[in-house]
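Everything on this sheet refers to the single structure shown next.
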Amino acid sequence: MKLPAFELERYFARYEFTAPYLLCCSDCESFSVQELLGLEPGAEEALLQLRLGYTESLGAPQLRQQIAALYQDVSPDEILVHSGAEEAIFNFMNVLLEPGDHVIVHSPCYQSLYEVAAALGCQVTRWVGSPQRGWALDLEDLKASLKPHTRLVVINLPHNPTGYLMEREMFRELVELSQKFGFILFSDEVYRLLEYDPVDRLPALCEMDERGVSLGVMSKSFGLAGLRIGWIATHNRELYRQMAAFKDYTTICNSAPAEFFAVLALQHRQRLLERNRRLILENLRVLNAFFARHIEHFRWRMPKAGPIAFPQLLNEDVAQYCHRLVSETGVLLLPGTLYAPGYNHFRIGFGRRSLPQCVEHWENWIMARH
């Protein structure tokens with residue numbers, strides 16, 4: 001398999017650890033080891049006694065139990081833990097897909113959600129959200145794209161990078177289409193549980209679809225990207241079995257300390273989620289005011305979930321704009337052209353405490369230019 005460069009990750013490799021003002025990060029504010037250990041009496045002693053041998057390839061039983069508790073009617077035996085979401089995506093597509101299969105992918109999207117399928121010899125069609133309608137998808141567009149050999153439809157809800165969240169009735173209709181036409185649904189749900197209004201929260205796909213697959217991770221909603229713990233949840237026993245066997249050729253098993261900290265965090269998940277949701281809403285007030293002051297430069301639509309959005313830049317080329325901004329101020333935005341050509345948008349991240357300071361430096365630069 002030959003894969004092209006992962007444009008977004010190469011961009012971050014260039015800037016993420018040198019630019020002082022990160023304003024495009026997709027994750028939430030992280031936690032220190034000390035903070036996590038402070039969540040529970042005896043946790044530090046338990047960590048010091050942790051054996052650093054191999055772990056179970058499916059994931060530690062206690063970790064799978066904690067992950068299963070995030071869902072309705074999903075058992076620990078239906079959770080397969082991976083080293084981050086990226087490994088889960090790679091393994092899933094290698095197990096499910098064959099050359100010549102047709103794959104439809106919710107777009108714009110994280111590159112691996114379509115690139116792995118393309119590298120496997122699949123035909124990939126993008127199911128593109130409408131910026132004029134808040135990046136909403138249209139089921140009629142999906143129906144028009146279906147082919148007799150459509151094997152997989154990939155969705156991402158809440159959506160990266162736009163913050164779009166599908167309506168519940170449309171979600172139900174999508175599952176019905178999967179059952180009618182026989183394709184598998186793969187739902188990237190790494191921002192689930194960060195809906196601004198819990199009423200908007202969709203069921204996990206694995207709760208509605210016996211064949212479908214839900215993807216989760218500790219990186220985004222929980223702010224623990226350094227653990228590199230992700231998972232799939234599915235009732236699809238044969239697909240689960242095949243993915244578990246394929247994992248023997250990738251990571252085999254996960255890091256014992258990472259699993260320890262993931263269990264600890266999930267035992268206190270409401271505390272972590274509430275902190276991150278509160279921080280997101282505070283930062284959104286800053287962004288709403290900022291974009292209201294600069295309507296001549298940007299078109300802003302507030303998302304419905306998650307710590308990222310995809311505003312449009314007006315009257316300038318977004319790649320050049322982002323390059324000048326980081327070069328002259330150290331403020332890093334992510335140009336939308338890294339998702340696909342033609343997006344004169346940028347990803348902005350607002351899940352971190354540093355956002356007000358980043359916005360202040362950005363606004364000073366804007367005012368000096370105009």
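The values are calculated or read from the model by the stated rules, or taken from the named source; none is laboratory data. Since we're looking at a predicted model, the values are computed, not measured. Cβ atoms come from the backbone with ideal geometry, glycine included; neighbour counts cover every protein chain shown.
When GLU56 is tested against the conditions (1) assigned by TED's automatic domain parsing to the domain that holds ARG228; (2) in contact with a strand residue (DSSP E or B) (Cβ under 9 Å, 6 or more places away or on another chain); (3) buried (at least 16 other Cβ atoms within 10 Å of the Cβ), the lone failure is (3). Here ALA43 fits the description: closer than 20 Å to LEU224 by Cα, at pLDDT 95 or above and outside the structural domain of LEU185 (by TED's automatic domain parsing). Taken as a whole, the structure leaves LEU97 outside the set of residues that are free of Cβ contacts under 8 Å to residues at least 40 places away in the same chain and aliphatic (A, V, I, L, M).
The one condition from (1) free of Cβ contacts under 8 Å to residues at least 24 places away in the same chain; (2) in contact with a helix residue (DSSP H, G or I) (Cβ under 8 Å, 6 or more places away or on another chain) that VAL263 does not meet is (1). In the set GLY306, GLY342, only one residue is surrounded by fewer than 16 Cβ atoms within 10 Å (Cβ to Cβ), out of contact with any helix residue (DSSP H, G or I) (no Cβ under 7 Å at 6 or more places or on another chain) and within 22 Å of LEU8 (Cβ to Cβ); that residue is GLY342. When you scan region 46-67, do you find a residue that is touching a residue at least 24 places away in the same chain (Cβ under 8 Å), within 30 Å of ALA119 (Cα to Cα) and under 23 Å from the mean Cα position of the chain (by Cα), even just one? Yes, region 46-67 contains at least one residue that is touching a residue at least 24 places away in the same chain (Cβ under 8 Å), within 30 Å of ALA119 (Cα to Cα) and under 23 Å from the mean Cα position of the chain (by Cα). Scanning region 285-306 turns up at least one residue that is on the phi > 0 side of the Ramachandran plot and either at pLDDT 95 or above or of a type in the set (D, E, K, R) (or both).
When only residues in region 285-338 that are of a type in the set (S, T, N, Q) and without any contact (Cβ under 8 Å) to a residue 60 or more places away in the chain count, which is farthest from MET218 (Cα to Cα)? The qualifying residue farthest from MET218 (Cα to Cα) is ASN315.
Report yes if some residue within region 350-359 is touching a residue at least 12 places away in the same chain (Cβ under 8 Å), touching a Pro at 6+ places or on another chain (Cβ under 8 Å) and β-branched (Val, Ile, Thr); otherwise report no. The answer is no, given that none of the residues of region 350-359 is touching a residue at least 12 places away in the same chain (Cβ under 8 Å), touching a Pro at 6+ places or on another chain (Cβ under 8 Å) and β-branched (Val, Ile, Thr). Of all residues in region 341-370, those satisfying the criterion of being more than 12 Å from GLY330 (Cα to Cα) and polar (S, T, N, Q) are ASN344, SER354, ASN364.
Filter region 195-231 down to residues that are assigned to a helix (DSSP H, G or I) and touching a helix residue (DSSP H, G or I) at 6+ places or on another chain (Cβ under 7 Å) and give me whichever is nearest to THR251 (Cα to Cα).
Here the residue is LEU227.
Taking interchain pairs and intrachain pairs at least six residues apart, which have beta carbon atoms under 8 angstrom, with the first residue in region 239-256 and assigned by TED's automatic domain parsing to the domain that holds GLY212 and charged (D, E, K, R) and the second surrounded by fewer than 12 Cβ atoms within 10 Å (Cβ to Cβ) and in a loop (DSSP other than H, G, I, E, B)? That search, which allows pairs on different chains as well, returns nothing. Condition first: touching a Lys or Arg at 6+ places or on another chain (Cβ under 9 Å), of a type outside the set (Phe, Trp, Tyr) and part of a helix (DSSP H, G or I). Now tell me which residues in region 89-116 satisfy that. Those that are touching a Lys or Arg at 6+ places or on another chain (Cβ under 9 Å), of a type outside the set (Phe, Trp, Tyr) and part of a helix (DSSP H, G or I): ASN91, LEU96.
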